[in-house]
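To keep things clear, I will list the structure first and then write my remarks on it.
The values are calculated or read from the model by the stated rules, or taken from the named source; none is laboratory data. As the structure is a prediction and not an experimental result, all values here were calculated from the model. Counting neighbours? That spans all protein chains shown, and the Cβs are built from the backbone with ideal geometry, glycine included.
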Amino acid sequence: MDSSKKQYSKIISLHFASDVVRRPMMYNLAKHFDLTFNILKARISPREEGHMILELSGKEDDYKKGISYLQEHGISIQDVARSISRDDESCTHCGMCTALCLARALCIEQETRTILFDANKCNACGMCTRICPVGAMHTEANGDF
Ligand code: SF4
Ligand code: SF4
């Protein structure tokens, strides 16, 4: 597959000046670069600098253009490590996530027919968090805020 067509998803931390707050930057990311975003944390004041942690997803090519667009507007960007956890109380062991987990961090234990989660194998791609019908898989951004 052409690498520019690959789906890409990253958690990033944005720092920006107060004048940027009033501009529709997020709207433009979706409209002009076909990117989707999920704001995980935000602290914005009209009189202060803003700081936001968000997950940005789209085709790799569009992702890079979107990042350049933000940087051209004076927004500083840093990658944020993330980790995935499972709420064992919520998991119904339906198995839907196992088909998506290429790292095999989620797999079925044949004897008990339960789904096991091995955090050591997880590469934090985030696919399971989008498919889980009960929201048992969680993303946590490990960044200063
Ligand atoms: S999709 Fe969600 S509920 Fe189903 S096995 Fe995976 S974590 Fe559990
Ligand atoms: S985040 Fe990705 S690698 Fe980790 S458990 Fe979910 S699907 Fe598997």
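In table form, for the structure just shown:
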item	result
Of all residues making up region 107-119, the number that are within 19 Å of T139 (Cα to Cα), within 11 Å of ligand 1 (Cβ to nearest atom) and aliphatic (A, V, I, L, M)	2
First in region 15-34 and more than 16 Å from D61 (Cβ to Cβ) and at pLDDT below 90, second anywhere and outside any helix (DSSP H, G or I) and aromatic (F, W, Y), Cβ under 9 Å, 6 or more apart	M25/F16; M26/F37
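This table checks each residue for (1) over 25 Å from A30 (Cβ atoms); (2) within 13 Å of the chain's Cα centre (by Cα); (3) more than 9 Å from ligand 2 (Cβ to nearest atom); (4) at pLDDT 90 or above.
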| position | (1), (2), (3), (4) |
| --- | --- |
| I75 | no, no, yes, yes |
| D79 | no, yes, yes, no |
| H93 | yes, no, yes, yes |
| R104 | yes, no, no, yes |
| I115 | yes, no, yes, yes |
| A124 | no, yes, no, no |
